[in-house]
Amino acid sequence: MPSLGRLHLITDTRPGRDPLAVLRAVLPVAHTELVVQVRVEDTATDRQAYELTRQVLALCAPYQVPCLVNDRLHVALATDAAGGHVGADDLPVAAARKVLGPAAVLGATAREPASALAAVTAGASYLGVGPCRVTATKDGLPPPIGVTGVRAVVEAVDVPVIAIGGVTAADVPELRATGAYGVAVVGALSGATDPARAAAELVRALTC
């Protein structure tokens, strides 16, 4: 499995957002700690997901930044991405592992210790845990679990825990204190006036 960075950038493909412009700004300052996860809206076609993933991979390649694909594992395979990530309503983790193979990075979403343990047992390489806070970047999310919820998962598993959901640089010290390995962000970068500066602040908080 490729080494896992501590800052996971999730593409924001909502109307009016430009995920590639954000990625271009972030890569030069965060590449040593960066993982990019391609996530598209549910209404996006497979072709759109495929083309975005190819563009992301081309931008990431010079920096040796791994790229994962959320949900659409066939797109991950078709583009030779480093792996994928599955949520609670996607393929079960064991099935996703069969699809991607033993060497791929496979992330899974969890929000409490029992489901986290089950995901790791089934083959998850890391866990995306949250939402930590209320966030508007994705509809239909369950209530926030807060720092206490993240800590409970960290203490239950032996794989990297990536905290997600409304996370900003100001939240990182408290999350790292729980034992969380890193954070995944959408709005903290896609909504920033200066994504490069925002990424630098996140990386600094994650690695200090």
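If you check A76 against the conditions, is it under 26 Å from E51 (Cα atoms), in contact with a Leu (Cβ under 9 Å, 6 or more places away or on another chain), buried (at least 17 other Cβ atoms within 10 Å of the Cβ) and not β-branched (V, I, T)?
So A76 fits the description; yes.
Is it true that A196 is over 15 Å from the mean Cα position of the chain (by Cα), open to solvent by 20 Å² or more (accessible area, probe 1.4 Å), at pLDDT 95 or above and not basic (K, R)?
yes
Any residue at all in the range 172-190 that's of a type in the set (G, A, S), surrounded by fewer than 17 Cβ atoms within 10 Å (Cβ to Cβ), at positive phi and modelled with pLDDT of 95 or more?
Taking the range 172-190 and keeping what is of a type in the set (G, A, S), we get 177, 179-180, 182, 184, 187-188, 190.
Checking which are surrounded by fewer than 17 Cβ atoms within 10 Å (Cβ to Cβ) leaves us with 177, 179.
With at positive phi added as a condition, the list becomes 179.
Applying the additional criterion that residues be modelled with pLDDT of 95 or more yields 179.
So far as the range 172-190 goes, yes, one or more of its residues are of a type in the set (G, A, S), surrounded by fewer than 17 Cβ atoms within 10 Å (Cβ to Cβ), at positive phi and modelled with pLDDT of 95 or more.
Go through the range 66-88 and count every residue that is in contact with a strand residue (DSSP E or B) (Cβ under 9 Å, 6 or more places away or on another chain) and among the charged types (D, E, K, R).
Residues in the range 66-88 being in contact with a strand residue (DSSP E or B) (Cβ under 9 Å, 6 or more places away or on another chain) and among the charged types (D, E, K, R): 2 in total.
Assess whether G5 counts as being within 19 Å of T168 (Cα to Cα) and either assigned to a loop (DSSP other than H, G, I, E, B) or at pLDDT below 95 (or both). I'd like the intermediate steps shown before the answer.
On the way: within 19 Å of T168 (Cα to Cα): yes; either assigned to a loop (DSSP other than H, G, I, E, B) or at pLDDT below 95 (or both): yes.
Yes; evaluated as a whole, the condition is true for this residue.
Given the condition in contact with a strand residue (DSSP E or B) (Cβ under 8 Å, 6 or more places away or on another chain), within 19 Å of P19 (Cβ to Cβ) and open to solvent by 20 Å² or more (accessible area, probe 1.4 Å), answer yes or no: does some residue in the range 144-166 qualify?
Within the range 144-166, one or more residues are in contact with a strand residue (DSSP E or B) (Cβ under 8 Å, 6 or more places away or on another chain), within 19 Å of P19 (Cβ to Cβ) and open to solvent by 20 Å² or more (accessible area, probe 1.4 Å).
Filter the range 1-49 for residues that are without any contact (Cβ under 8 Å) to a residue 60 or more places away in the chain and touching a Phe, Trp or Tyr at 6+ places or on another chain (Cβ under 7 Å); which is most open to solvent (accessible area, probe 1.4 Å)?
The qualifying residue most open to solvent (accessible area, probe 1.4 Å) is H31.
Of everything in the range 8-46 that's in a loop (DSSP other than H, G, I, E, B) and among the hydrophobic types (A, V, I, L, M, F, W, C), which residue is nearest to A180 (Cα to Cα)?
Looking at residues that are in a loop (DSSP other than H, G, I, E, B) and among the hydrophobic types (A, V, I, L, M, F, W, C), I get V40.
The conditions are (1) within 19 Å of E201 (Cα to Cα); (2) modelled with pLDDT under 95, and E33 fails exactly one of them. Which is it?
(2)
Please name all residue pairs, on different chains or six or more residues apart, with Cβ atoms under 6 Å, provided the first residue is in the range 98-126 and is open to solvent by less than 10 Å² (accessible area, probe 1.4 Å) and the second residue is aromatic (F, W, Y) and not in a loop (DSSP other than H, G, I, E, B).
As it stands, the answer is G107/Y126, since those pairs meet every condition given.
The values are calculated or read from the model by the stated rules, or taken from the named source; none is laboratory data. All of these numbers come straight from a predicted model, not from anything done at the bench. Note that we place each Cβ from the backbone using ideal geometry, even for glycine, and neighbour counts take in every protein chain shown. To get the accessible areas, we keep the full protein, side chains included, count just its heavy atoms, and leave off ligands, DNA and RNA. Shrake-Rupley method; radii C 1.70, N 1.55, O 1.52, S 1.80 Å.
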